[in-house]
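The values are calculated or read from the model by the stated rules, or taken from the named source; none is laboratory data. What you see is a predicted model, and the numbers here were worked out from it, not measured in a lab. Neighbour counts run over all protein chains shown; Cβ positions are idealised from the backbone, glycine included. Side chains included, ligands, DNA and RNA excluded: accessible areas come from the protein's heavy atoms. Shrake-Rupley method; radii C 1.70, N 1.55, O 1.52, S 1.80 Å.
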Amino acid sequence: MKKNLKYNLTWLGLAFFVYLVLLVLYNTGVITLFTDRIIVNIGINIILAVGLNLIIGFSGQFSLGHAGFMAIGAYSGAIMSINNPTYGGFFSGLVLGMLISGVVALVVGVPTLRLKGDYLAIATLGISEIIRILIVNMRDITNGPTGIFGILQFTTWETVYIFAVLTLLVVSNFVHSGPGRATLAVREDEIAAEAMGVNTTKYKVVAFTLGAVTASIAGTLFAGYQQSVFPKDYGFMKSIDILIIVVFGGMGSTTGAVVSAIVLGVLNMFLQDFGYVRMIVYALALIIIMIFKPSGLLGTWEFSVKKIWQKFTKGDDADASINS
């Protein structure tokens with residue numbers, strides 16, 4: 001318990017250092033409105049990719065429904081913000097979106113996650129489309145296909161940064177916990193895990209629900225920054241965009257998801273002036289990486305605070321690693 005606290009405090013220390021660097025860059029005018037949008041989008045993509053990586057990379061379930069849960073969070077935040085244009089209204093919408101997404105993921109996850117491979121992908125895609133179509137047809141609440149305008153800009157880079165750090169901490173601690181190890185066992189060999197007494201459905205549903213909740217958080221933050229929401233923004237291609245980040249970074253690597261979101265965000269920024277050529281170059285970059293590094297940028301490699309402690313200290317951690 002004390003070791004986990006030490007590692008978490010180290011993570012928070014590193015995160016605080018990065019925050020100070022960004023704060024200095026903002027206050028000195030190095031970061032403009034354009035780069036601010038890039039940074040916020042990168043932060044939101046990190047939350048989305050880390051949550052989807054938990055489902056695909058760590059539990060081994062192929063999901064294409066992430067955009068649907070993102071839409072739940074976006075509309076929950078938008079509706080609550082319009083009715084109560086304060087930070088209290090915005091964050092109550094964020095919490096409401098988390099609850100709704102968690103319940104929906106739990107209800108549909110129990111029967112759906114018994115499927116595997118392509119069948120599961122099609123089922124989760126269907127769930128996402130059902131959510132989107134319900135949003136389009138609930139005109140009295142969601143304003144239908146027209147969307148919702150006039151949301152105050154409650155989301156700032158600080159807000160996104162805090163939630164990105166919290167998402168990383170929660171997912172990392174989950175992966176290294178008892179339930180997380182059981183989830184990894186399901187990914188490696190579901191039949192063997194079940195034979196050893198692991199409730200495979202339970203742990204797949206837990207990972208799916210946690211991933212859905214993180215997607216909802218990202219959706220609320222996205223709506224609060226864009227100041228508007230439209231159903232078309234949460235279609236099939238949005239799920240594919242998030243999936244690309246996960247595969248590009250390396251499935252099963254939280255560090256890879258973060259690095260991939262940053263690299264693709266920066267690449268997208270530099271290609272802004274190239275118009276339609278931008279998407280061609282973007283696609284070619286993805287193809288080249290997949291040809292020469294099919295496991296992604298980092299594969300399953302993780303940045304480990306524990307290894308840093310063992311390298312630079314001669315305490316119990318180092319002794320334990322030697323004895324093991």
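Enumerate the pairs (first residue in segment 54-72 and within 21 Å of Val186 (Cα to Cα); second residue anywhere and among the charged types (D, E, K, R)) with beta-carbon separation below 7 Å, excluding pairs fewer than 6 apart on the same chain, so at least 6 apart or on different chains.
What qualifies is Phe58/Arg187; Ser59/Arg187; Ser59/Lys204; Gly60/Arg187; Gln61/Lys204.
Within the set of pairs 6 or more residues apart or between chains, which connect a residue that is of a type in the set (A, V, I, L, M) inside segment 164-192 to a residue that is part of a loop (DSSP other than H, G, I, E, B) with Cβ atoms less than 7 Å apart?
Ala182/Val198; Ala185/Val198; Val186/Ser59; Val186/Gly60; Val186/Val198
Among the residues of segment 271-280, what is the count of those that are exposed (fewer than 15 other Cβ atoms within 10 Å of the Cβ) and part of a helix (DSSP H, G or I)? Before the answer, list the steps.
As a first pass, look at segment 271-280 and keep what is exposed (fewer than 15 other Cβ atoms within 10 Å of the Cβ): 272-277, 279-280.
Next cut, part of a helix (DSSP H, G or I) only: 272-274, 277, 279-280.
Of the residues in that region, 6 qualify.
Residues of segment 193-211 being more than 24 Å from Gly73 (Cα to Cα) and either in contact (Cβ under 8 Å) with a residue 60 or more places away in the chain or of a type in the set (Gly, Ala, Ser) (or both), which ones?
Correct list: Ala193, Ala195, Gly197, Thr201.
Are there any pairs with C-beta distances below 6 angstrom linking a residue in segment 1-26 that is at pLDDT 75 or above to a residue that is open to solvent by less than 70 Å² (accessible area, probe 1.4 Å), with the two at least 6 apart or on different chains, and if so which?
Thr10/Val305; Trp11/Val305; Ala15/Val165; Leu25/Ile31
Give segment 149-165 a look and list any residue that's surrounded by fewer than 19 Cβ atoms within 10 Å (Cβ to Cβ) and either closer than 27 Å to Thr112 by Cβ or in contact with a strand residue (DSSP E or B) (Cβ under 8 Å, 6 or more places away or on another chain) (or both), or say none. Let's see the steps before the verdict.
Taking segment 149-165 first, the residues surrounded by fewer than 19 Cβ atoms within 10 Å (Cβ to Cβ) are 149-150, 152-153, 156, 158, 162.
Within segment 149-165, none qualify.
Can you find, within segment 282-315, the residue that is farthest from the chain's Cα centre (by Cα) among those that are modelled with pLDDT under 75 and among the aliphatic types (A, V, I, L, M)?
The selected residue is Ile308.
Could you grab me the full set of residues in segment 137-148 that are closer than 24 Å to Gly65 by Cα and loosely packed, with under 15 Cβ neighbours inside 10 Å?
So in segment 137-148, the residues closer than 24 Å to Gly65 by Cα come out as 137-139, 141-148.
Result: Asn137, Met138, Arg139, Ile141, Gly144, Pro145, Thr146.
Any chance segment 124-132 includes a residue that's open to solvent by less than 50 Å² (accessible area, probe 1.4 Å), assigned to a helix (DSSP H, G or I) and out of contact with any Gly (no Cβ under 9 Å at 6 or more places or on another chain)?
no
Look through segment 105-118, keep the residues that are in a helix (DSSP H, G or I) and out of contact with any Ser or Thr (no Cβ under 9 Å at 6 or more places or on another chain), and return whichever of them is farthest from Phe62 (Cα to Cα). Lay out the reasoning, then the answer.
The initial filter retains those residues of segment 105-118 that are in a helix (DSSP H, G or I), namely 105-112, 117-118.
When the remaining residues are screened for being out of contact with any Ser or Thr (no Cβ under 9 Å at 6 or more places or on another chain), the result is 107, 111, 117-118.
Numbers: Val107: 18, Pro111: 15, Gly117: 6, Asp118: 8 Å.
Residue satisfying both the conditions and the ranking: Val107.
Please indicate, with yes or no, whether at least one residue in segment 53-62 is modelled with pLDDT under 95, open to solvent by less than 10 Å² (accessible area, probe 1.4 Å), closer than 20 Å to Phe222 by Cα and touching a helix residue (DSSP H, G or I) at 6+ places or on another chain (Cβ under 6 Å).
yes
Please pick out the residue among Ile55, Ile72, Ile82 that is of a type in the set (A, V, I, L, M), more than 23 Å from Ala182 (Cβ to Cβ) and under 18 Å from the mean Cα position of the chain (by Cα).
Working: Ile55 fails: more than 23 Å from Ala182 (Cβ to Cβ); Ile82 fails: under 18 Å from the mean Cα position of the chain (by Cα).
After ruling out the rest, the residue left standing is Ile72.
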